[in-house]
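Notes follow the structure.
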Amino acid sequence: MDVTQWTRPAVLGMAGYAPGEQPQAAERVIKLNTNENPYAPPQAVLDAMGAALGDALRLYPEPDSRSVREAAARAYGHGLQPQQVVAGNGSDDLLTIILRTFVDPGETVAALDPTYTLYEPLVTLQGGRYASAPWREDGGLPVDELAGLRAKVIFVTRPNAPTGHVCALSEVVELCTKTQAHGVVVLDEAYGDFADDHGLGLLPDCPNLIVTRSFSKSMCLAGARIGLGFMSVAIAEQMHKVRDSYNLDRVAQVAATAALDNLDAYAPLIAKIKSERARLTAALRQRGFDAPESQANFVLAKIPAGALDGRGWLAALRQKGILVRYFGHDPRLSDKLRITVGAPHENDALLAAVDGILVG
Ligand SMILES: *Cc1c(COP(=O)(O)O)cnc(C)c1O
């Protein structure tokens, strides 16, 4: 029997997305490779999740995560209505829903280069054609080039992964305006809470804009799989038809609502990560790394000239029990490490390991 004869060519022809390493629970490592939050979720969130573990688990959750969407509208302001919110099983789920809503086989989906490496496999699975445009030298959006692709969906990651830089919001507006006749612009704000500004306020002026947020990074809930999309009511209506009927489980819905009702509890955690980001960036520069400003919870650091290449650094840090992310397949990234900003003691351990490697 040969299952490949029944497998869709799009699936056969792809390698599949390779997520960052998730070590076994027993393995003692300092995990700076997938941009999780180093801090525990606020107690109010854990209490709400604990209270959800009971008889009610027999019952299906709210199909449309209505309570979560109401909490999101309350929490984020900007005149947002719950009808403008779609919840996802992680924001990756929202990316899939967006592609399934808008993209037929053969249609174009565009993104920047470099950017989040999940977009391309998702587009391939949908049978779409993935096109990318390089960021401008100054980190700005190549608006006319992107608009010229006439894509059904354009992904703009802000802050971008893995560079951590942001483009100007005015360029996002310009891109939305110039692409209104062709499709939607997705502003992926998985790291938005770590940035100086964000795009939720653009929604009233940009009817073809979708803003996505993740609870995995700033909200300390990567294990609960929660994401939110913000958009016009008209787009939300179409996306609700496409998503799985119960795409957020009961415990995740309760966690999301509690997190949104307790945004104040997150402010000090996010502030701490931002101040550690500045400290880590400066300390890496002192050690000869080229580390540009980041507005996310990671730093993309170019390794200093020396005996070790990127792969060598990855292995040397791994040997000292520290995981970072390395994108060796991309020639522009193969001399860089993406390092998640951890808690102070984790960042100290990383810097001590770097010192040890540098003295050889
Ligand atoms: C982490 C990440 C996501 C996915 O987040 P989940 O909510 O965990 O699915 C989406 N976009 C970017 C750019 C990310 O880095």
**Message:** Here is a check on your reading of the model: is Glu36 surrounded by 15 or more Cβ atoms within 10 Å (Cβ to Cβ) and either modelled with pLDDT under 95 or not basic (Lys, Arg) (or both)?
**Reply:** yes
**Asked** in a loop (DSSP other than H, G, I, E, B), among the polar types (S, T, N, Q) and either closer than 26 Å to Gln253 by Cβ or touching a strand residue (DSSP E or B) at 6+ places or on another chain (Cβ under 8 Å) (or both) - does that describe any residue in the range 3-19?
**Response** no
**Item:** Given (1) within 17 Å of Arg74 (Cα to Cα); (2) within 16 Å of the ligand (Cβ to nearest atom), number of the condition Ala252 does not satisfy
**Value:** (1)
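Ala267 - would you say it is in contact with a Lys or Arg (Cβ under 8 Å, 6 or more places away or on another chain), of a type in the set (Gly, Ala, Ser) and in a helix (DSSP H, G or I)?
Values: in contact with a Lys or Arg (Cβ under 8 Å, 6 or more places away or on another chain): no; of a type in the set (Gly, Ala, Ser): yes; in a helix (DSSP H, G or I): yes.
In short, no.
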**Prompt:** Of all residues in the range 234-249, which are touching a residue at least 60 places away in the same chain (Cβ under 8 Å) and either of a type in the set (Gly, Ala, Ser) or in contact with a His (Cβ under 8 Å, 6 or more places away or on another chain) (or both)?
**Reply:** Ala236, Ser245
**Request:** Identify, from the list Gly148, Gly201, Gly223, Gly192, the residue that is away from the ligand (no atom under 13 Å from the Cβ) and either in contact with a helix residue (DSSP H, G or I) (Cβ under 7 Å, 6 or more places away or on another chain) or free of Cβ contacts under 8 Å to residues at least 60 places away in the same chain (or both).
**Result:** Gly148
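Just checking, which of Leu187, Leu248, Leu202 is outside any helix (DSSP H, G or I) and either under 30 Å from Gln43 (Cβ atoms) or open to solvent by 20 Å² or more (accessible area, probe 1.4 Å) (or both)?
Details: Leu187 fails: either under 30 Å from Gln43 (Cβ atoms) or open to solvent by 20 Å² or more (accessible area, probe 1.4 Å) (or both); Leu202 fails: outside any helix (DSSP H, G or I).
Just one listed residue meets the conditions, Leu248.
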**Any hit, the range 72-79, residues being crowded, with 17+ Cβ neighbours inside 10 Å and away from the ligand (no atom under 15 Å from the Cβ)** = yes
**Item:** Residue ID - farthest from Leu263 (Cα to Cα), chosen from residues in the range 22-44 that are touching a helix residue (DSSP H, G or I) at 6+ places or on another chain (Cβ under 9 Å) and of a type in the set (D, E, K, R)
**Value:** Lys31
**Request:** Inspect the range 286-304 for any residue being more than 16 Å from the ligand (Cβ to nearest atom) and in a helix (DSSP H, G or I) and give the result as yes or no.
**Result:** yes
**Item:** Enumeration of residues in the range 230-245 that are in contact with a helix residue (DSSP H, G or I) (Cβ under 7 Å, 6 or more places away or on another chain), surrounded by 19 or more Cβ atoms within 10 Å (Cβ to Cβ) and either assigned to a helix (DSSP H, G or I) or of a type in the set (Val, Ile, Thr) (or both)
**Value:** Ala236, Met239
**Request:** Looking only at the range 304-314, decide whether some residue is touching a helix residue (DSSP H, G or I) at 6+ places or on another chain (Cβ under 7 Å), of a type in the set (A, V, I, L, M) and buried (at least 21 other Cβ atoms within 10 Å of the Cβ).
**Result:** no
**Message:** Given the criteria in contact with a Pro (Cβ under 9 Å, 6 or more places away or on another chain) and touching a residue at least 12 places away in the same chain (Cβ under 8 Å), does Thr101 qualify?
**Reply:** no
**Prompt:** Taking the range 251-269 on its own, how many of its residues are open to solvent by less than 10 Å² (accessible area, probe 1.4 Å) and over 14 Å from Ser67 (Cα atoms)?
**Reply:** 1
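The values are calculated or read from the model by the stated rules, or taken from the named source; none is laboratory data. Only a predicted model underlies this, so the values are computations on that prediction, with no experimental measurement involved. As a convention, Cβ positions derive from the backbone with ideal geometry for all residues, glycine included, and neighbour counts pool all protein chains shown. Just the protein is used for accessible areas: all its heavy atoms, side chains included, with ligands, DNA and RNA removed. Shrake-Rupley method; radii C 1.70, N 1.55, O 1.52, S 1.80 Å.
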